[in-house]
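The next block holds one structure in the form of structure tokens; read it before the comments.
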Amino acid sequence: MQAKDELNATTEGNFSISLLNVIEDFDQDGIEDFYDPDDDNDGFSDTEEIDYGSDPRDANSVANSAPSDILPVHFTIYENEPIGTMVDTLNGVDSDTEDKLSYSLLFVELNGERDYDNQFLSLDPNGSLFAIQSFDHENTPLFRLKLRVTDEHNASFERWRNLSINRSIKNQYY
């Protein structure tokens, strides 16, 4: 190797460079940070946290998981029930148990036709589903609903659910 100064004087020599690998393990889980997908061991990968804008080296700064389902699976209501009858209450499934969830009814599908104006049902943001008309089983035995659950970080999940209109108990014996 050769070194030169500002006056073009040179010197030559052999140099040895030693590299020392310092093992960095921020969360002390036994996996070197370079190979560790979750540096702070909070259950969210570093990539998820960076994408979300949280700090992958701070276990209290976590990413958000989107909701993963909407329950119940199948709704039912009897025909001829009065307007305003509560059909059911939705419950979102979200691994972030502290997240506040809100619900929306995107549209109702009846006989393959989508009704975006939704003249049939009302869904409040807390997940309570109400009938806004009285139904007749013979004319409309089944609706399909496109539902969405959204968490406080605006991550959402959408699911189709069925609403069956059952014959009223008093009409089953005639």
- Item | Protection proxy ranking, peptides 83-89, 66-72, average beta carbon neighbours within 10 Å, highest first | 66-72, 83-89
- Task: Give, rounded to the nearest 20 debye, the magnitude of the charge dipole that the chain has about its Cα centre when Lys and Arg contribute +1 at Cβ and Asp and Glu contribute -1 at Cβ.
- Result: 1740 debye
- Message: Using a 10 angstrom Cβ neighbour count of at most 11 plus a DSSP loop assignment to flag exposed GluC sites (Glu not before Pro), which longest range of the chain is free of such sites?
- Response: 25-97
- Scaled to the compact-protein estimate 2.2 N^0.38 Å, what is the alpha-carbon radius of gyration of region 1-158, rounded to two decimal places? 1.96
- Query: So between ILE83 and THR140, what do we pick up on full extension, going 0.36 nm a residue minus the alpha carbon distance?
  - Reply: 18.9 nm
- Message: Using amide H atoms built in the peptide plane, which far-off residues or other-chain residues are under 5 Å from ASP38 H to H?
- Response: ASP46
- Query: What is the spin-label model distance, in nm, from ALA3 to ILE50 if the labels are put 7 Å beyond Cα along the C-beta direction?
  - Reply: 3.7 nm
- Query: Can you work out ³J(HN,Hα) from phi for every residue in region 117-125, in order, using Karplus 6.51 cos²θ - 1.76 cosθ + 1.60 and θ = phi - 60°, giving whole Hz and x for Gly and Pro?
  - Reply: 7, 6, 8, 10, 9, 10, 10, 7, x
- Per residue, how much accessible area does the chain have with a 1.4 Å probe, in Å²? 66 Å²
- Query: Which value in deg cm²/dmol, rounded to the nearest 500, describes the helix-derived mean residue ellipticity at 222 nm for the chain, given -39,500 (n - 2.57) per DSSP H run of n ≥ 4 and division by the residue count?
  - Reply: -1000 deg cm²/dmol
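The values are calculated or read from the model by the stated rules, or taken from the named source; none is laboratory data. Remember, predicted model here, so these are calculated numbers, not experimental data. All Cβ positions, even for glycine, are placed from backbone atoms using ideal geometry, and neighbour counts span all protein chains on display. The area values use the complete protein model at the heavy-atom level, side chains included, leaving out ligands, DNA and RNA. Shrake-Rupley method; radii C 1.70, N 1.55, O 1.52, S 1.80 Å.
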